[in-house]
């Protein structure tokens with residue numbers, strides 16, 4: 001069960017009470033203190049320290065609490081006002097949603113302050129009067145809530161640094177005007193504690209997590225995961241559970257079945273009157289569409305990917321499949337900046353500029369998809385699969401594996417789209433195949449299997465049972481079965497693939513040779529190995545990597561038969577080809593080094609074997625990591641050799 005957290009318990013009890021020894025003379029915060037406020041200690045502390053700097057240095061940039069709608073920006077501002085109100089003579093609040101609400105807020109302040117200009121018919125005079133008062137007085141805190149239009153809000157900012165100005169905003173690009181303090185989604189323990197308090201499972205706002213049962217904590221953790229730590233969504237869930245009344249388990253089941261409906265639900269919140277998650281974001285989606293249609297389409301594309309670490313280069317590489325809005329992006333990747341800027345304005349995406357990654361909240365994705373018709377969902381699912389397929393790097397190139405790793409989570413998400421929307425596309429089959437290749441190279445066989453099976457089904461349906469690409473999928477699945485030790489299944493599929501290739505491509509085609517080589521590996525058949533080698537030498541050339549594979553396999557067969565004179569030159573020739581064509585640090589080169597080392601060891605030539613094993617291990621560890629099965633095999637081979645060498649010396 002999740003551990004108890006001291007989010008509120010660590011604070012002095014006095015800081016959670018509703019009254020304070022010293023109350024500001026002027027106070028117009030429109031909200032009561034939230035008894036369920038949980039966490040956010042890091043942001044509150046940072047804000048307090050930032051304002052404290054104003055006593056020693058001019059505060060030229062006011063802090064802006066930024067983040068996605070529903071992330072709790074207003075709640076942080078309210079908590080800050082209550083927690084530190086004793087430090088101020090005046091605590092003032094303005095709704096900065098629009099020019100009208102800003103003016104209204106400044107007029108209210110003028111009346112609170114009894115300024116001479118408070119009843120002026122020209123309201124711009126009242127605004128200037130409030131700005132002048134702020135510039136000539138100290139010990140005030142002015143909170144501009146929902147300041148999402150930086151250009152508009154800038155007109156109302158006071159001059160000078162005599163007090164403290166605090167903004168809440170979805171806008172991330174404030175430049176020199178303000179300094180961002182980002183509010184992130186709640187972590188698991190914060191979210192659990194907040195949900196249990198809001199749902200009245202914990203009967204007191206100060207009750208520790210340990211008062212909830214382990215079952216309640218476990219179910220709450222599952223709800224927090226579903227909501228991806230979004231406070232507004234957790235507040236909705238808690239209100240629903242309390243008001244229905246319901247249980248945590250019942251809500252979780254209802255949410256998993258009726259997600260869209262429950263994201264529109266809103267509790268009886270008389271004070272804050274927040275819109276629901278779905279309503280809040282739907283309004284913002286419409287604004288994005290009006291501001292920049294390309295940004296709106298980018299958001300739709302992101303809604304069908306994994307939510308975290310979306311590579312920008314993947315978007316650019318797949319742009320030609322994303323519709324007419326993205327065609328210009330194919331030749332100029334800098335055009336991606338403008339739509340990202342628009343989405344950042346509403347905090348729909350976060351951008352890691354160092355790693356060139358985008359992040360989107362999974363509930364934003366859910367609401368976006370829910371607002372689409374099934375036909376539109378299918379269109380964007382298909383576009384996403386085509387785009388990710390186009391962007392997927394060449395898996396056979398080891399130097400591109402780092403790029404493959406960046407795309408992998410999104411390729412796996414596409415695999416789910418292919419299944420959910422029954423996308424029988426050649427591009428879908430290729431993406432599944434490429435992803436399966438990468439997973440098998442990294443020993444993730446169980447993850448690869450359903451991808452290979454789905455690719456085979458699509459190719460059989462779209463291309464026909466006797467197409468060479470169908471044979472390739474049969475071959476791939478057979479290879480997987482072989483690695484898992486299911487030789488009977490492997491044999492059936494290898495034979496089907498060979499039959500198709502001999503019939504369609506001919507007996508002397510290099511792809512046919514590949515099937516012969518694979519069956520030979522299964523049967524340990526010298527005739528098939530020799531035939532595969534001849535075809536590859538004739539068609540592909542003496543120095544092709546596939547020729548090296550045939551040489552390696554035939555050498556292994558000769559060695560197992562005790563024909564060492566035949567085996568050694570084939571091992572050496574395979575190694576030479578791989579070093580020359582693939583490079584000295586390729587994993588296949590390491591495989592040849594390992595095989596030649598094993599040959600020398602079998603001959604008792606330990607001194608020749610040792611540096612080959614060491615070299616092979618260095619390559620494999622660097623390529624696959626220390627826990628890959630291939631790394632373990634080579635490490636064990638070297639360890640066995642060293643033991644044998646010690647025995648020989650004794």
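For residue 103, indicate whether it is closer than 22 Å to residue 77 by Cα, assigned to a helix (DSSP H, G or I), free of Cβ contacts under 8 Å to residues at least 40 places away in the same chain and in contact with a helix residue (DSSP H, G or I) (Cβ under 7 Å, 6 or more places away or on another chain).
Considered against the rule, which asks whether it is closer than 22 Å to residue 77 by Cα, assigned to a helix (DSSP H, G or I), free of Cβ contacts under 8 Å to residues at least 40 places away in the same chain and in contact with a helix residue (DSSP H, G or I) (Cβ under 7 Å, 6 or more places away or on another chain), residue 103 comes out as yes.
Can you pull out the residues in region 120-140 that are at negative phi and assigned to a loop (DSSP other than H, G, I, E, B)?
Taking region 120-140 as the starting set, the residues that turn out to be at negative phi are 120-138, 140.
Result: 120, 121, 122, 137, 138.
The rows are residues; the columns are (1) farther than 25 Å from residue 588 by Cα; (2) at pLDDT below 90; (3) within 33 Å of the chain's Cα centre (by Cα).
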{"residue": "448", "(1), (2), (3)": "no, no, yes"}
{"residue": "457", "(1), (2), (3)": "yes, no, yes"}
{"residue": "474", "(1), (2), (3)": "no, no, yes"}
{"residue": "487", "(1), (2), (3)": "no, yes, no"}
{"residue": "498", "(1), (2), (3)": "no, no, no"}
{"residue": "504", "(1), (2), (3)": "yes, no, no"}
{"residue": "514", "(1), (2), (3)": "no, yes, no"}
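Filter region 9-34 down to the residues that are modelled with pLDDT of 65 or more and outside any loop (DSSP other than H, G, I, E, B), then identify the one that is farthest from the chain's Cα centre (by Cα).
Only one residue fits best here, namely 26.
Between a residue in region 370-391 that is without any contact (Cβ under 8 Å) to a residue 60 or more places away in the chain and any residue that is not in a helix (DSSP H, G or I), which pairs come within a Cβ distance under 6 Å, given they are 6 or more apart or on different chains?
What qualifies is 378/421; 382/423; 385/423.
Look at residue 613 and say whether it is over 45 Å from the mean Cα position of the chain (by Cα), closer than 21 Å to residue 576 by Cα and buried (at least 17 other Cβ atoms within 10 Å of the Cβ).
Taking the combined requirement at face value, the residue does not satisfy it.
Take the residues in region 35-59 that are over 32 Å from the mean Cα position of the chain (by Cα) and farther than 13 Å from residue 164 by Cβ, then tell me which one is modelled with the highest pLDDT.
Step by step, filter region 35-59, then rank; the result is 35.
Within region 63-84, is even one residue out of contact with any helix residue (DSSP H, G or I) (no Cβ under 9 Å at 6 or more places or on another chain), part of a loop (DSSP other than H, G, I, E, B) and closer than 14 Å to residue 141 by Cα?
No, that holds for no residue.
Which of (1) touching a helix residue (DSSP H, G or I) at 6+ places or on another chain (Cβ under 6 Å); (2) assigned to a helix (DSSP H, G or I); (3) closer than 24 Å to residue 434 by Cβ; (4) in contact (Cβ under 8 Å) with a residue 60 or more places away in the chain is the odd one out, the single condition residue 367 does not satisfy?
Answer for residue 367: the failing condition is (3).
From (1) on the phi < 0 side of the Ramachandran plot; (2) not in a helix (DSSP H, G or I), pick out the condition that doesn't hold for residue 422.
(1)
Which residues, counting only those in region 405-420, are crowded, with 19+ Cβ neighbours inside 10 Å and over 13 Å from the mean Cα position of the chain (by Cα)?
Once the filter is applied, which keeps residues that are crowded, with 19+ Cβ neighbours inside 10 Å and over 13 Å from the mean Cα position of the chain (by Cα), region 405-420 yields 414, 415, 417, 418.
Among the listed residues 581, 539, identify the single one that is without any contact (Cβ under 8 Å) to a residue 40 or more places away in the chain and more than 28 Å from residue 619 (Cβ to Cβ).
539
Across region 134-157, what is the total count of residues that are buried (at least 18 other Cβ atoms within 10 Å of the Cβ), closer than 25 Å to residue 87 by Cα and without any contact (Cβ under 8 Å) to a residue 40 or more places away in the chain?
Looking only at that region, the number is 1.
Tell me, please, whether a residue that is surrounded by fewer than 20 Cβ atoms within 10 Å (Cβ to Cβ), touching a strand residue (DSSP E or B) at 6+ places or on another chain (Cβ under 9 Å) and modelled with pLDDT of 90 or more can be found in region 376-397.
No.
Starting from residues that are without any contact (Cβ under 8 Å) to a residue 40 or more places away in the chain and in contact with a helix residue (DSSP H, G or I) (Cβ under 7 Å, 6 or more places away or on another chain), keep the ones in region 279-296 and report whichever is nearest to residue 377 (Cα to Cα).
From region 279-296, those without any contact (Cβ under 8 Å) to a residue 40 or more places away in the chain are 279, 283, 286, 289-290, 293, 296; that's our starting set.
Applying the additional criterion that residues be in contact with a helix residue (DSSP H, G or I) (Cβ under 7 Å, 6 or more places away or on another chain) yields 289, 293, 296.
Numbers: 289: 17, 293: 17, 296: 14 Å.
Across region 279-296, the extreme among qualifying residues is 296.
When the residues of region 566-595 are filtered to those that are within 19 Å of residue 637 (Cβ to Cβ) and over 42 Å from the mean Cα position of the chain (by Cα), which remaining residue is surrounded by the most Cβ atoms within 10 Å (Cβ to Cβ)?
So the residue we want is 571.
For residue 583, are the conditions met, namely being part of a loop (DSSP other than H, G, I, E, B) and more than 23 Å from residue 442 (Cα to Cα)? Give the steps one after another, and end with the answer.
Details: part of a loop (DSSP other than H, G, I, E, B): yes; more than 23 Å from residue 442 (Cα to Cα): no.
It is false that residue 583 is part of a loop (DSSP other than H, G, I, E, B) and more than 23 Å from residue 442 (Cα to Cα).
Take the conditions surrounded by fewer than 19 Cβ atoms within 10 Å (Cβ to Cβ) and part of a helix (DSSP H, G or I) and apply them to residue 465. Does it pass?
Judged against the criteria, residue 465 is not a match.
The values are calculated or read from the model by the stated rules, or taken from the named source; none is laboratory data. Model, not experiment: these values are computed from the prediction. Note: ideal-geometry Cβ built from the backbone for every residue, glycine included; neighbour counts use all protein chains shown.
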